[in-house]
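What follows is one structure encoded as structure tokens, with my remarks underneath.
The values are calculated or read from the model by the stated rules, or taken from the named source; none is laboratory data. Given the structure is predicted, the values throughout are model-derived calculations rather than measurements. Glycine gets a Cβ as well: all are built from the backbone with ideal geometry, and neighbour counts include every protein chain shown.
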Amino acid sequence: MHKAMRMLPLCLVIVLANAGCGPGGTQSAAGSTVRPGQSAEATTPVDSVLLDPDQSQEATLPEVVASVGERTITGEEFRVAMARATHSPMGLPGANTMPEEDQRMLLDRLIDTEVVLALADQAGIQVADAEVDELMAQQKQYFESQEQFQEALASIGMTEQALHDAIRDGIAQRRFVEQKTQDIEVTDEEISSQYEELKAQGRLQRPDDTADVAHILVKVDSEEQQAWDDAKVKIDAARKRIVDGEDFGDVAGEVSDDPGSAARGGAYPGTPRGRMVPEFDNLMFEIPLDTVSEPFKTQFGWHIMTVTDRHKAGVQTREEIEEPLRDYILDQKRQEAVDAMVAEAREEMDVKVLYLADVSPEPEAADAPEAEPAPESQSENEEAETS
């Protein structure tokens with residue numbers, strides 16, 4: 001049965017989990033190249049996908065497991081997608097084992113992705129190389145070297161070109177959805193209704209005081225005083241840039257060594273009291289709002305922080321979560337619109353499923369023929385004749 005399609009977020013982990021399903025040719029497990037329009041009838045051995053880890057025989061997947069028009073999903077791409085979905089290391093016997101029902105759901109999502117990309121192509125959605133290159137550069141900054149980056153890609157069965165293509169597809173999907181759902185709005189009544197529903201379910205309780213904090217970390221990995229002195233110079237320079245008028249988030253994205261927050265401007269919204277190390281936690285609830293702290297040390301290095309808001313423990317008010325609720329409802333309405341578009345498009349597009357074939361939308365059941373009148377029993381006939 002057709003499942004709801006979920007869009008491809010533009011972060012490395014999710015992009016990698018959905019990569020390799022674009023229109024370009026890719027290498028199959030047997031080394032042959034599968035390209036749009038190529039016959040999808042042949043099969044080629046690939047690593048086991050259904051067998052237990054201790055079984056040595058090989059399973060087979062079709063060379064192409066599904067196609068949407070000229071776009072194809074190869075058996076190798078599907079095998080790699082299963083490994084990523086199960087967080088399995090590539091190349092280990094039995095690493096790609098996945099229950100058949102989960103395979104059906106995964107393949108269905110990949111088909112939906114191809115449908116959206118086909119719709120984006122039809123709508124003339126274009127993605128500039130510069131956009132993709134910028135996101136690629138952001139991903140690489142989390143690795144110490146190009147070699148380490150390549151090793152990380154190889155560990156999940158991906159090349160740099162495949163990641164490049166996946167990022168491009170992700171941008172195209174997002175842009176298409178934004179274009180087709182730009183007129184969708186969220187009313188105050190919908191927000192109030194959602195708020196009351198969540199409140200009644202007890203899901204708006206804030207157990208601890210929280211702070212909306214952002215920080216910049218200059219990490220120190222050495223006990224040498226010179227390393228700490230150098231880091232202090234760097235954090236002082238970052239603070240001066242902000243005090244002189246630069247945006248805190250922009251400087252954090254450029255300078256901070258904290259991989260958990262740098263990409264989002266150093267932000268840790270809604271951080272509960274007691275979650276961070278003491279030096280950080282205490283200052284988070286002391287400094288005036290919307291100011292930049294003086295540099296301070298923790299075991300990780302030198303920091304500066306800013307706090308934009310604080311919230312007391314208790315039930316969150318409607319005003320506090322109005323914008324997150326609006327975004328949540330908007331996402332839901334957009335998703336419903338996309339699901340409807342995908343379902344309609346799948347009926348019209350040339351979707352072929354060559355593996356787990358009942359993944360594709362089930363045809364409507366034909367009207368059942370009218371039942372013929374039951375023949376009269378012999379006793380009934382005899383009664384009629386004697387009456």
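Can you find a residue that is at pLDDT 95 or above, farther than 30 Å from A337 by Cα and among the aromatic types (F, W, Y) anywhere in segment 195-203? Looking through segment 195-203, none of the residues is at pLDDT 95 or above, farther than 30 Å from A337 by Cα and among the aromatic types (F, W, Y).
Against the test of being touching a strand residue (DSSP E or B) at 6+ places or on another chain (Cβ under 8 Å) and of a type in the set (A, V, I, L, M), the options V177, V186, V243, V218 yield a single qualifying residue, V218. A166 falls short on exactly one of the conditions (1) crowded, with 19+ Cβ neighbours inside 10 Å; (2) at pLDDT 95 or above, and that condition is (2). Against the test of being free of Cβ contacts under 8 Å to residues at least 24 places away in the same chain and either surrounded by 16 or more Cβ atoms within 10 Å (Cβ to Cβ) or over 21 Å from E77 (Cβ atoms) (or both), the options Q150, Q146 yield a single qualifying residue, Q146. Each residue in segment 177-192 was checked for being surrounded by 13 or more Cβ atoms within 10 Å (Cβ to Cβ), at pLDDT 95 or above and not in a loop (DSSP other than H, G, I, E, B), and 3 of them qualify. If the condition is being of a type in the set (D, E) and either part of a loop (DSSP other than H, G, I, E, B) or in the same structural domain as D257 (by TED's automatic domain parsing) (or both), then segment 96-145 contributes only E144.
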